[in-house]
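Report on the structure given below.
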Amino acid sequence: MNFKKPKGTKDILPKDIYKWHYIERIIREVSAVFNFSEIRTPTFENTELFKRGVGNDTDIVGKEMYTFEDKSGDSMTLKPEGTAPVMRALIENSMINESPFHKLFYITNMFRHEKPQAGRFREHTQFGAEIIGSNSFYTDVELILMAKEVYNRCGIENYTIKINSIGKPNERKHYINVLKDFLANYINDLSEDSKRRFETNTLRILDSKDKNDRQITENAPKILDTLGEESKLRFNKVINELENLKINYEIDFRLVRGLDYYTDTTFEFVSQSLGSQDAIGGGGRYDMLIEQLGGKETPGAGFGSGIERIIIAAEKNGFTFGKINKPLIYFIALNDIARMKSYEIMNELRAKNIPSEIDLLNRSFKAQMRDANRLGVQFVYIVGDDELEKNAGQLKNMENSSQYSVPFSELAEKLLEFNK
RNA sequence: GUGAGCGUAGUUCAGUUGGUUAGAACAUCAGAUUGUGGCUCUGAGGGUCGGGGGUUCGAAUCCCCUCGCUCACCCCA
């Protein structure tokens, strides 16, 4: 019986891991530049947190969660999204009382029981950032800039920033009624999916992929036009600031996010290099969320971004993520005593932070040379009978094949000099 | 949950109207005179043709079922 990884999961193999290291480094760099602090929360939480935070009626909670009962009979869920757990942690650790303002980021894996397809997995990795405690329109802008900076540093060029506002909850309720009144006239022309959505999730009809649905909704009342003065003004400030910073964006009235907690600004980064799942990141404001989770009324905004999708988009853009690490030197020992001596020297080099390798398969000289070549090491250090006698090995530069004798005691020094 | 496409060595694929021991390239390993990699040459290992059942004298090839992968819908990063 051969074991296979669960559907929708992936093994990140040594040949690919450097991409992840690179992206994670970029995220940490950019987070530092924007003064965000890292937060890590558990892999699973009480199921109730997501029901309350994300919304019982959302697809995520309704049918995509990995929920299980633990040994004490409590219902637990592998986190399907990152914001609710971070808010829980803020409240639980009294962070909001300690300080009214926080800028946090995280890199974590997430779990949703969906049917996998291009750019969509059951376990995926997300990088996210949250700004808690300010309702300034600058927070919205700051998050957009931060995500943009990460994408830029990963060589992603061809993407579009879509932005919209879904207003306050009561404004949204009002708009849904307006939209329903409008769509009622076309109800028979809508796709089957959208007919169903008419009752369950009217807003989503706007981002239906059905051609006919889109034609109908093209002329539907726009949410932006129905918002109250305060929300409108706020949205305009965000837009003006983006203009001021010369950030290209597109107002997209179809952009209605799927999670219940969003308010006012919503945005999404859409890549032209991806398949059907083309969002590399998205987010928005959630001014009611903390209160909803039992904290005191505190505004917030954030975004999440899929690292797998960033990698796919970056590679489509020809980005290479730097290089794979390789040893600087490979020891070639021609007998047991030489091996013992080599290992002793190599141990010193490693202590001095010089990446070193030696054959552990007792291979022939030739095979060891081949192995060294395959690894792409800069140097090979050959130790055999002659070298043991002279207390000096043969240091060979694999690039130009030059080779000369270097005393055992001077090897580290020589290499450190080269490494400068 | 719905729909479509695809499953032959580690990888990319070939495999003639069903016909004997299923092939190639690349990769791996080992050699090409005594202690030197890449290039070249030679050789070796590696496949229950996704799995099960059926049709047939005979199935990688035809039929059914099943599993897996991929893409799309739904939804989302």
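The values are calculated or read from the model by the stated rules, or taken from the named source; none is laboratory data. The shown structure was predicted, so the numbers you read here are calculated from the model rather than taken from an experiment. All Cβ positions, glycine included, derive from the backbone under ideal geometry; neighbour counts span all protein chains shown. In case anyone asks, the SASA skips ligands and DNA or RNA and just uses the protein heavy atoms, side chains included. Shrake-Rupley method; radii C 1.70, N 1.55, O 1.52, S 1.80 Å.
Structure data summary
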{"read-out": "Over chain A, relative contact order from alpha-carbon pairs under 8 Å, at least 6 apart, %", "value": "16"}
{"read-out": "Max mean-square fluctuation residue, GNM over chain A, Cα-Cα springs under 10 Å, options A:Ala184, A:Ala220, A:Ala372", "value": "A:Ala372"}
{"read-out": "Test item: Cα-centred dipole of chain A, Lys/Arg +1 and Asp/Glu -1 on Cβ, debye", "value": "820"}
{"read-out": "Mean Cβ neighbour count within 10 Å, used as a protection proxy, ranking A:153-163, A:128-138 highest first", "value": "A:128-138, A:153-163"}
{"read-out": "Convex hull per residue volume in Å³, alpha carbons only, for region A:329-419", "value": "87"}
{"read-out": "Sequence of A:Ile60, A:Ile324 from largest to smallest accessible area, 1.4 Å probe", "value": "A:Ile324, A:Ile60"}
{"read-out": "Between 0 and 90°, nearest 10: helix A:169-184 axis offset from chain A longest Cα axis", "value": "70"}
{"read-out": "Helix A:307-316 axis, angle to chain A major axis (alpha carbon atoms, nearest 10°)", "value": "70"}
{"read-out": "Total formal charge among the other residues, if their Cβ is under 14 angstrom from that of A:Asn362, Lys/Arg +1 and Asp/Glu -1", "value": "0"}
{"read-out": "Value of [θ]222 nm, deg cm²/dmol, for chain A, DSSP H segments ≥ 4, -39500 (n - 2.57) each, nearest 500", "value": "-12000 deg cm²/dmol"}
{"read-out": "Positive-pole candidate from A:Asn97, A:Ile223, A:Ser342, dipole of chain A, charges at beta carbon", "value": "A:Ser342"}
{"read-out": "Size of electric dipole in region A:329-419: Cβ of Lys, Arg +1 and of Asp, Glu -1, about Cα centre, debye, nearest 20", "value": "300"}
{"read-out": "Per residue accessible area in Å² of chain A, where ligands, DNA and RNA are left out and the probe is 1.4 Å", "value": "52"}
{"read-out": "Estimated FRET transfer efficiency when R0 is 51 angstrom, pair A:Leu245-A:Asn335 (beta carbons, to 0.05)", "value": "0.15"}
{"read-out": "Span from the region A:207-284 Cα centroid across to the region A:105-181 one, whole angstrom", "value": "10"}
{"read-out": "Label-to-label distance, nm, for residues given as A:Lys316 and A:Ala220 (7 Å Cα→Cβ offset)", "value": "2.6"}
{"read-out": "Chain A, accessible surface, carbon-and-sulfur percent (1.4 angstrom probe)", "value": "47"}
{"read-out": "Gain upon complete extension [A:Glu38, A:Ser75; 0.36 nm per residue less C-alpha separation]", "value": "10.6 nm"}
{"read-out": "Dipole magnitude (debye, nearest 20) for region A:1-78, charges at Cβ of Lys, Arg, Asp, Glu", "value": "440"}
{"read-out": "Charge dipole of chain A about the Cα centre (unit charges at C-beta), most positive-ward option of A:Leu259, A:Tyr22, A:Thr58", "value": "A:Tyr22"}
{"read-out": "Gain in span if fully extended, A:Ser401 to A:Asn188, counting 0.36 nm per residue against the direct Cα distance", "value": "69.0 nm"}
{"read-out": "Values of log10 I(q)/I(0), in the order q = 0.08 Å⁻¹, for chain A under a Debye, Cα-only, solvent-free model", "value": "-0.59"}
{"read-out": "Surrounding net charge for A:Ile290, when Lys and Arg each add one and Asp and Glu each subtract one, Cβ distance under 13 Å", "value": "-1"}
{"read-out": "Å³ per residue enclosed by the Cα convex hull of region A:26-183", "value": "171"}
{"read-out": "Karplus 3J(HN,Hα) series, Hz, for region A:331-341 with 6.51 cos²θ - 1.76 cosθ + 1.60 (x for Gly, Pro)", "value": "8, 10, 9, 9, 7, 5, 5, 4, 5, 4, 5"}
{"read-out": "Cα long-axis angle, helix A:365-375 against chain A (0 to 90 degrees, to the nearest 10)", "value": "30"}
